[in-house]
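None of the figures in this text is laboratory data; all of them are computed from the coordinates on show. Note that the structure is a prediction, hence the values are computed from the model and not measured. A quick note on method: Cβ atoms are made from the backbone with ideal geometry, for glycine too, and the neighbour counts reach across all protein chains shown.
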Amino acid sequence: MTYYGSKALARNARTVRKNTLTIAEEIPEDKYAFRPAPDSSSVAQILSHITVSTRGNHEMHAVAKIKTMVGVDFAARVREREALEKQLHTKAQILDALRKDGEAWRRISTRSRNRSWPTRSRSHRGPSRPPRAASR
């Protein structure tokens with residue numbers, strides 16, 4: 001297991017958001033409709049999903065300050081995010097949302113450090129290696 005303190009978690013979230021924004025800016029607008037396969041999501045749909053998916057976390061932790069997941073209507077939250085994703089169509093809309101959401105997370109991650117977030121978050125790196133066989 002790897003343990004991340006709140007400072008590392010916030011720093012890594014900012015790095016991922018910055019890289020996502022950079023990529024979204026560099027993709028030409030005419031490529032936002034690109035789909036690698038007919039039944040796959042377009043570039044715009046994927047970026048919209050990434051943008052909106054963090055809003056739920058921000059809403060729960062920064063706005064509602066939820067301390068327990070008991071009673072949370074996850075199906076309703078998914079429907080809300082899906083509706084928000086469908087509102088982001090153009091490159092300008094997606095970039096604007098990425099910037100605003102990234103700034104909201106920056107503010108909450110620097111302000112809330114070690115207050116409402118757990119002090120440590122665990123990340124499992126996959127199955128552990130089996131013990132080595134004893135040599136004969």
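Values for this structure:
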| quantity | calculated |
| --- | --- |
| Peptide ranges 14-23, 49-58 listed from the most packed, as the mean C-beta count within 10 angstrom indicates | 49-58, 14-23 |
| Förster radius 25 Å - calculated FRET efficiency between PHE34 and VAL78 (Cβ-Cβ, nearest 0.05) | 0.45 |
| Residues of the stretch 59-73 with amide N under 14 Å of the 7 Å Cα→Cβ point at THR20 | 59 |
| Among the listed pairs LYS7/LYS31; LYS31/LYS67; LYS67/LYS100; LYS67/LYS91, those beyond 32 Å (Cα-Cα) | LYS7/LYS31; LYS31/LYS67; LYS67/LYS91 |
| Using a Förster distance of 25 Å, the FRET efficiency for HIS49-LYS7 (Cβ separation, nearest 0.05) | 0.35 |
